[in-house]
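Since the structure comes first, as structure tokens, the remarks are kept for the end.
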Amino acid sequence: MKTFTIIGGINGTGKSSLTGVLKGQLSDLGIIIDVDKLTATRAGGDNLKGDRIAVRRIRECIRKGVCFTQETTLSGFTTAQAASAAGYRIRLFYVGLDSLEESLQRIQNRVAHGGHDIPEQTVRRRFSTRWEAVAQVLPYCDEATFYDNYNGFVEVAEYRNGELLLKGDYRPAWITELQAFLEELPEGEDETTEEGKRE
């Protein structure tokens, strides 16, 4: 079955690390597309050029009907809609942290070790609209799993039959915030972030 895997979360939460973990567990991740890495390594730091490279790769995957995985902050995210229309099974693995400061610190540590940087203003904007971004993509997902990454990846929830179900005894603040946000949404309402409306 052709599968589109989404590795979601704002910058600095550990999406690439989770992708590495999943590579050892899943055989259908297919082609992995990380727009931030493409921007840094193939586009000379030009965000627009990096986005265009990622879009071309995504379109090619969908055209060929092959499995693919995208690491994404979900801001202005439209790939799930295209993949769903093309008959893909869609699954989301979302990584969260409790604070913006933790994400920014992890980005600084990454840069200190030669990794790519993200403007702080961009991270702040994405953090402030992260739940709207999640709500936007969930209706397209056949399955969704949520991980906290404060100290290694801990599965804290799954989304099934339109409901976020908490798992285990560990309750990071962000997962209860997301649960409350989703419960307050009017039934059937699709959330779209302001960033997404512009794209």
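The values are calculated or read from the model by the stated rules, or taken from the named source; none is laboratory data. In this text, all values refer to a predicted model and were calculated from it rather than measured experimentally. Positions of Cβ are backbone-derived with ideal geometry, glycine not excepted, and every protein chain shown enters the neighbour counts. Note: areas computed on protein heavy atoms with side chains; ligands, DNA, RNA excluded. Shrake-Rupley method; radii C 1.70, N 1.55, O 1.52, S 1.80 Å.
Gain in length, residue 17 to residue 105, computed as 0.36 nm per residue apart minus the alpha-carbon separation, to one decimal in nm? Numbers along the way, then the final one.
On the way: separation 88, 0.36 × 88 = 31.68 nm, distance 1.59 nm.
The residue 17-residue 105 span can extend by a further 30.1 nm.
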Taking N as the number of residues in the chain, the ratio of its alpha carbon radius of gyration to 2.2 N^0.38 Å works out to 0.97
For the chain, the per residue accessible area (1.4 Å probe, Å²) is 52 Å²
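Could you compute the FRET efficiency for residue 98 and residue 25, with r as their C-beta to C-beta distance and R0 at 25 Å, rounded to 0.05? Please list the in-between numbers first.
Numbers: r = 25 Å, r/R0 = 1.02.
Rounded to the nearest 0.05, the efficiency is 0.50.
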Taking only the alpha carbons of segment 93-156, the radius of gyration and the largest Cα-Cα distance, Dmax, both in angstrom, are 13.2, 38
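Which pairs break 22 Å Cα to Cα here: 23/49; 15/167; 2/23?
23/49
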